[in-house]
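**Q** I have a structure I would like to understand better, so I am pasting it below and will then ask my questions one at a time.
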Amino acid sequence: MFQKVHIYLTLLCTGIITIIMIITSCSYLYVSEKSLYKNQMDSFQNDMNTISTNLEQQSVISMEWLSKMESQGNYTFFLLDNGIPFLYNALDSSNEKELLLEECLADYYQSILIDVDPSSSLSPYASYHTEAEFFSPSMKKKYFYSVLILGRSSSRLQVIVLSSLDALEKQIMHQRSFFILIDLITIFVLAVFSWIFTGALLKPIIENQKKQVQFVASASHELRTPLAVILSCAECCQETDSKKQAGFLQTIIHEGLRMRTLIDDMLTLSSSDNQQFSIDPKPADMDTLIVNSYEAFQPLAKEHDLTLSVSLPENAIPSCICDKERISQVLSILLHNAISYTPAFGKIILSLAYEKERFYLSVSDNGVGISDEEKKKIFDRFHRVEKARNTKGHFGLGLSIANEIVKSHHGKLTVKDSPEGGALFTVELPKK
């Protein structure tokens, strides 16, 4: 499922950005090509103005001058005297050029705005000219053309100048190809980036879904064991006499309490996941809280032949704005774990420190310790070190709950090796 979502998100991100990029590229190309055509036409019109001025000043148009102008501007000249081609065109006449001239004149007569009567007379050496663009079907090319009409006494001289747009078309095609190449490379880079980016976005969701599946499986496993014991004892109660039923009923009560504890822990974690984890922050004396936790677990430590000691700051420390009941719950979890996993005649130290407006509550022992690999998983739900898997009363949720409580106070819960060789858990809390 997540693989399909990953693909769809990648296609969506890439597609949206690609559409925007293509629209931007096409808009730029449209404006750029219009500008290129306009600049080319402006240049062509300037040349035609120059040529028209030169023709007005010349009484005789020589073939040498025409050839020179054609070679300099890459132009093609057609000269007509009252519609009759000059000898200049007849020297280099071909069917293609004749057809090109006919097409140009047809476009000119169709689009001209000023109807000039061939029989009308122009002032000697006066002229006017018109420029336009047309497409030649026979040559399959675009041209700029200019029709210059000059008065020569009683005759009318027409000069048709054609300029091929091949160079401009090649420049435009080169520009389009360049943009297509850039767009393709960009699309590929965007696809790779989108794949990585959406993968990074989905990673927490995938991990959370895996944790939920693991959580349900672990919870089912933990609930199945006491439930099986309860059902087994219930069946035995039906088949045994009343004297033996008391032992089975006691077991049922014990396992029922274990199930209730597990369900309460699961509900606590569920509230944390749903951002409904309630805390009641009030000023609390941390040294008093530490002493209360010490006195509460001192009997249990003696029962396990363990030495529990407490270390407090010598100087007075300020109050901490926190939920003291929740912080006491964290200390209870840490002390209960320390007592459970420390062998007989071991030592457990409960300490408090205050530095730079932060409180440090620590529980250290000289027990079996925790490996570096286990430290990475110690706060995962239903995770227990291998040696403690068969220890009843531990479901692997205590440290997860403690970690969530500390996070809700904007603090940190860390674990490292203690100097005595066991584990050192430290709760870091801000003053407010």
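**Q** Cross-link list Lys377/Lys416; Lys282/Lys302; Lys210/Lys324: which exceed 23 angstrom alpha carbon to alpha carbon?
**A** Exceeds cut-off: Lys282/Lys302; Lys210/Lys324.
**Q** Within region 174-212, which residues have the backbone N less than 13 Å from the label spot 7 Å out from Asn39 along Cα→beta-carbon, could you tell me?
**A** What the label zone holds, given the 13 Å backbone N cut-off, is 175.
**Q** Which percent of the accessible area of region 1-65 is formed by carbon and sulfur heavy atoms (probe 1.4 angstrom)?
**A** Carbon and sulfur: 65 percent of the exposed surface of region 1-65.
**Q** To continue, here is another question. Can you tell me the accessible area per residue over region 244-331, all protein chains present, probe 1.4 angstrom, in square angstrom?
**A** Here the residues of region 244-331 average 61 Å² of exposed surface.
**Q** Lys and Arg at +1, Asp and Glu at -1: add these up for the other residues within a Cβ distance under 10 Å of Tyr143 and post the number.
**A** Residues near Tyr143 contribute -2 overall.
**Q** Taking R0 as 41 Å, what's the FRET efficiency between Gln298 and Lys210 from their Cβ-Cβ distance, rounded to 0.05?
**A** Computed FRET efficiency for Gln298 and Lys210 comes out at 0.50.
**Q** Taking K and R as +1 and D and E as -1, what net charge do the other residues with C-beta under 14 Å from the C-beta of Phe425 add up to?
**A** In short, -2.
**Q** Can you list the residues, at least 5 places off or on another chain, whose amide H is less than 5 Å from the amide H of Ser418, using H built in the peptide plane?
**A** Residues meeting the amide H criterion: Ala423, Leu424.
**Q** How would region 232-338 be classified by its alpha-carbon gyration tensor: rounded, prolate or oblate, with rounded meaning a/c under 1.5 and the a/b versus b/c comparison settling the rest?
**A** oblate
**Q** Here's a follow-up. May I ask you to evaluate 6.51 cos²θ - 1.76 cosθ + 1.60, the Karplus curve with θ = phi - 60°, for each residue of region 407-419 and list the ³J(HN,Hα) values in order in whole Hz, giving x for glycine and proline?
**A** 4, 5, 9, 6, x, 9, 10, 10, 9, 7, 6, 7, x
**Q** Here is a further query. In a shell of Cβ-Cβ distance under 9 Å around Lys282, excluding Lys282 itself, what net charge do Lys and Arg (+1) and Asp and Glu (-1) give?
**A** Overall, the nearby charge balance is -1.
**Q** Enter the accessible area per residue of region 333-385 (Å², integer; probe 1.4 Å; all protein chains in place).
**A** That works out to 49 Å² per residue.
**Q** Report, for region 294-375, the % of DSSP beta bridges that are antiparallel, rounded to 5.
**A** Rounded to the nearest five, the antiparallel share is 60 percent.
**Q** Where a ≥ b ≥ c are the square roots of the eigenvalues of the C-alpha gyration tensor, would you call region 294-334 rounded, which needs a/c under 1.5, or, failing that, prolate if a/b is larger than b/c, or oblate?
**A** Oblate shape, in that a/c is at least 1.5 and b/c is the bigger or equal ratio.
**Q** Right, next: Show me, for region 166-171, the HN-Hα J-couplings you get by feeding each phi into the Karplus relation (A = 6.51, B = -1.76, C = 1.60, θ = phi - 60°), rounded to Hz, glycine and proline as x.
**A** Those phi angles translate into 4, 5, 5, 4, 5, 4 Hz.
**Q** Heads up, I need the accessible area for Ile172: 1.4 angstrom probe, whole protein in place, Å², nearest 10.
**A** Only protein atoms counted, so the area is about 10 Å².
The values are calculated or read from the model by the stated rules, or taken from the named source; none is laboratory data. Since the structure is predicted, the reported quantities are computational estimates derived from the model, not experimental observations. Ideal geometry is used to build each Cβ from the backbone, glycine not excepted, and the neighbour counts take in all protein chains shown. Note: accessible area is taken over every heavy atom of the protein model, side chains too, but ligands, DNA and RNA are not part of it. Shrake-Rupley method; radii C 1.70, N 1.55, O 1.52, S 1.80 Å.
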